[in-house]
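Below is one structure, written out as structure tokens, with a few remarks after it.
The values are calculated or read from the model by the stated rules, or taken from the named source; none is laboratory data. Here the structure is a predicted model, which is why all the values come from computation and not from measurement. Backbone-built Cβ (ideal geometry, glycine too); neighbour counts: all protein chains shown. Ligands, DNA and RNA are stripped out before the accessible areas are found, and what is left, the full protein with its side chains, is counted by its heavy atoms. Shrake-Rupley method; radii C 1.70, N 1.55, O 1.52, S 1.80 Å.
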Amino acid sequence: MIRSRQHARGSASAAVLLALALTLLVVATVYAFAAHIFPAPQPITAIGVLVDRQYARTLYAAGAAFLLAQLGLAYAVLRFRDSGAPARFSRGNVALEIAWTAVTLTVFIALALAGRTAWALDRYAPPATDALQIEATTSQFVYTFRYPGQDARFGRLEPRRIDAPAGNPLGIDPNDPNGKDDIVVASLTVPVNRPVELLLRSQDVVHNFFVRELRLQQDSVPGMMIPVHFTAQRIGQYEIVCTQLCGLGHGTMHSMLNVVSEQDFEAFLKRRAAP
């Protein structure tokens, strides 16, 4: 009987190695975040600052749960490793299950309440009444931006008139006087510290508008006009990318957001205005 138990007893080395691997994983993960090995760029909007604060809260809460779970798993691997003894059935501990479920629920609700301001300002608050309206149209695999010109009104679009090689990628109706002074460009230029309302459209499939520094990401959906708004507070150039897998050329779909002074923005409009 003694020989059979010794033969059935597992090796402790496998349990030790697995526990060590889990511990090293935790240490490496914590170090990667604590040392800011992959830092995010600084936000350029007030809402972006709030989003970063909410991200930090969520990261701390999830990080603590990850740390406790993985170290607890490492302990369990060592404590309950195979020793040749008969297996014992456990029904668990109802009190502990209720406790950790209650703690999880409390943390989840607290994070939701803490982030409600950033979410509401980003998704539910209307744009400022004096916001600059710009239309952003996505298609495989380019961004096209349209400004309303001096009359502050967009011209009518007709899908049958879309002809990018002929210089009309949006299908602006040449018979509509409101479209005579519309400015169509391949990159987005906005004045610093001025509210902007971006009207997102798509000509073919679902695309996306994402600028890391804005902390803003929104899908553009065919048949829909989706408004988003922001106020950039730092002059500079920032990349716009598509985060939806929109076809074989998805990886090449990008543009630039140029945040400039008010004087430079007026100069940009004059340069781009139709003669």
For segment 148-202, how big is the tail of P(r) above 16 Å, as a whole percent of Cα pairs?
-> 49 percent
The chain - charge dipole about Cα centre, Lys and Arg +1 at Cβ, Asp and Glu -1, debye rounded to 20 = 1640 debye
Protection proxy (average C-beta count within 10 Å per residue), highest first, orders 202-214, 20-32 as 202-214, 20-32
Measure of compaction for segment 120-176 (Cα Rg per 2.2 N^0.38 Å) | 1.38
Residues meeting the amide H criterion for Glu239 (H placed from the backbone, H to H distance under 5 Å, 5 or more places apart or on another chain) are Leu257
Let me know the charge dipole size of segment 55-130 about its Cα centre in debye, to the nearest 20, where only the beta-carbon of Lys, Arg (+1) and Asp, Glu (-1) is charged.
-> 340 debye
Dividing the Cα convex hull volume of the chain by residue count, how many Å³ per residue is that?
-> 192 Å³
Could you tell me the distance between the Cα centroids of segment 11-39 and segment 151-187, to the nearest Å?
-> 57 Å
Starting at the first residue of segment 54-66, write each ³J(HN,Hα) from the Karplus equation 6.51 cos²θ - 1.76 cosθ + 1.60 with θ = phi - 60°, in whole Hz, x for Gly and Pro.
-> 5, 4, 5, 4, 5, 5, 5, 5, 5, x, 5, 5, 4
Put +1 on the Cβ of every Lys and Arg and -1 on every Asp and Glu Cβ in segment 76-228; which of Pro126, Val190, Ala164 then has its Cα farthest towards the positive end of the dipole?
-> Pro126
When all alpha-carbon pairs of segment 170-228 are counted, what percent fall beyond 15 Å?
-> 63 percent
Carbon plus sulfur fraction of accessible area for segment 32-185, probe 1.4 Å, in percent | 64 percent
Can you grab the distance from the C-alpha centre of segment 116-144 to the C-alpha centre of segment 212-275, Å, no decimals?
-> 10 Å
Springs between alpha-carbon atoms under 10 Å, Gaussian network over the chain: tell me which of Phe89, Phe108, Phe80 tops the mean-square fluctuations.
-> Phe89
Over the chain, the sum of -39500 (n - 2.57) across DSSP H runs of at least four, divided by residue number and rounded to 500 deg cm²/dmol, gives at 222 nm -12500 deg cm²/dmol
Here the Kirkwood hydrodynamic radius of segment 46-170, Cα-based and in Å, equals 21.1 Å
Provide the FRET efficiency to the nearest 0.05 for the Thr104-Leu71 pair, computing r from the beta carbons and using R0 = 25 Å.
-> 0.90
A correct Stokes-Einstein calculation for segment 129-275, using the alpha-carbon Kirkwood radius, 4 °C and 1.567 mPa s, returns a whole-number D in µm² s⁻¹ of 83 µm²/s
Using the Karplus curve 6.51 cos²θ - 1.76 cosθ + 1.60 with θ = phi - 60°, work out ³J(HN,Hα) for each residue of segment 214-220 in order, rounded to whole Hz, and write x for Gly and Pro.
-> 7, 6, 10, 9, 8, 6, 10
Mean accessible area per residue over the chain (1.4 angstrom probe, all protein chains present, square angstrom) is 64 Å²
To the nearest 10 degrees, the tilt of helix 12-34 (Cα long axis) against the first principal axis of the alpha carbons of the chain is 30 degrees
Of Leu121, Leu96, Leu157, the one that fluctuates the most in a GNM where the chain has Cα springs shorter than 10 Å = Leu96
Any idea which of Phe38, Val77, Pro177 is furthest toward the positive side of the dipole for the chain, if Lys and Arg beta-carbons carry +1 and Asp and Glu beta-carbons -1?
-> Val77
Rounded FRET efficiency, nearest 0.05, which uses the C-beta distance separating Gln237 from Trp119 and R0 of 25 Å = 0.35
With +1 on each Lys and Arg Cβ and -1 on each Asp and Glu Cβ, how big is the dipole of segment 133-218 about its Cα centre, in debye rounded to the nearest 20?
-> 200 debye
Rel. contact order, % - alpha carbon contacts under 8 angstrom, at least six apart, the chain = 19 percent
